[in-house]
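Structure, as structure tokens:
The values are calculated or read from the model by the stated rules, or taken from the named source; none is laboratory data. Since the structure is predicted, the reported quantities are computational estimates derived from the model, not experimental observations. Glycine also receives a Cβ, built like all others from the backbone with ideal geometry; neighbour counts cover every protein chain displayed.
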Amino acid sequence: MPSFRTKLGTMPGKPVLIMCRTAVLRQKMARFTGTSAVAPSEGQFVLNGYNILNNASVKGNPNGGYLNEGQTTVSGGEMVFEPDDIIVITAINLSPTGAITADSEITSIVVYDSVADYLSGTVKYSYTSDSSGSVVIDNATADLGDTYLGFNANTLTSDDPTAPDLGQLFIAAGEDLTDVAAGLETLTIDQFSDIDYNESGLIDGGTEEPADGQFSGENNLLAVICVARGTLIDTADGPRYVETLTEGDLVLTLDAGAQPIRWIGSRKVDASGMNAPIRFRAGSIGNYRDLYVSPNHRMLVFGTQAELLYGTEEVLVAAKHLVDDARVTRAPRAEIEYFHFLFDRHQIVFAEGAPTESLFPARYALNAVEEEAREEIIRLFPELEEVEAVGELSRPEITGREARALFVA
């Protein structure tokens, strides 16, 4: 991709505008979401793109590991999907607890470009079974464990000519397989693993938690919604560090002047691997200091190319699509604290001098905050219990594919 500065440039009399939105949500992913009362039972398993390898070298050992039930060793392969994609796998003939077994079959795979797209139902690619039927699961040690799954997906095809071809897929829920694909690491996984999904400190019988060698998943990360501790926000009283702001403080917005904060909260999250924030170096987007956002932060860019392609000169695009490995890079660290704040409607504020969006009052945004904060937001915006969102996004958004078209136009 051409350099960020070269492609975005500036328009006469206007700086380049960048919008961001972030936070990290830890959820119990790759878990059964269907029903087990109806036969054949059907369920969906939600994963991150970095959990999946295509055509890796997978070797099973029937001995060793937890309870001496065997282990699988994985090396090589390719990252067939973007690391931050959200992947939904649909399977039938599940166990009574909703796990994939040797009797299960994979019927479809749907790929979403981001968490926001997943929650809004905006599909990037979809794969369904061809005339030869759905994908059958092998009971070999190398192909089926509590936290991993392997199957030949070449009978799953997409009508989208840009969708990558699928071969032998290996899925490890909760694992970042990027270094495995790069040849930097060999991963060994036990076939049997106890998984404390509800974090009760106990492994609950009669659920998918006890080790049984059936795929029911582990913890994955969804990058969803804000600005990092230490970020300066423009207010009616001048720039202030975001961590010093409180409800009622007046923050300057691009479209509506000074607006009072209705709610503000923070959350500390892991910031390593594929969850590392994206760093925009000082000056790269009109910011006077380095600005950090998560990979799925939507940025606002504008210019004549956007207007020609999409009918509007201002569009939102995820930060991960703007990485140029020079002025816009991934910046891993052990931990980062993000602050989110709400107004009566979605607003554009100024972080480090660069325009950035406030928390969008949508139901999916509530998943990024703790339960107590969620209840407080519902009291402020009770309509969120009944509708997907309050109001509209401040600017339209485009997908990763559309963003690539924008930058090569």
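Structure notes:
- Among the residues of this structure, Ala319 does not count as one that is closer than 19 Å to Ser266 by Cα and among the aliphatic types (A, V, I, L, M).
- Matching strands (runs of 3 or more DSSP E) fully within the range 239-280 where at least 1 residues are closer than 30 Å to Ala326 by Cβ and in the same structural domain as Ala318 (by TED's automatic domain parsing): 263-271, 278-280
- Looking across the range 136-160, just one residue is among the polar types (S, T, N, Q), assigned to a loop (DSSP other than H, G, I, E, B), under 18 Å from Ile92 (Cβ atoms) and modelled with pLDDT of 85 or more, and that is Thr155.
- The condition (being out of contact with any strand residue (DSSP E or B) (no Cβ under 9 Å at 6 or more places or on another chain) and either under 20 Å from Tyr50 (Cα atoms) or surrounded by fewer than 17 Cβ atoms within 10 Å (Cβ to Cβ) (or both)) is satisfied by just one residue among Pro83, Pro96: Pro96.
- Criterion (modelled with pLDDT under 50 and of a type in the set (Gly, Ala, Ser)) met by exactly one of Ala91, Ala23: Ala23
- If you filter the range 298-327 down to residues that are among the hydrophobic types (A, V, I, L, M, F, W, C) and assigned to a helix (DSSP H, G or I), you find that the one that is nearest to Ala276 (Cα to Cα) is Ala319.
- From Arg395, Arg345, residue being closer than 26 Å to Pro83 by Cα, modelled with pLDDT of 75 or more, part of a loop (DSSP other than H, G, I, E, B) and not aromatic (Phe, Trp, Tyr): Arg395
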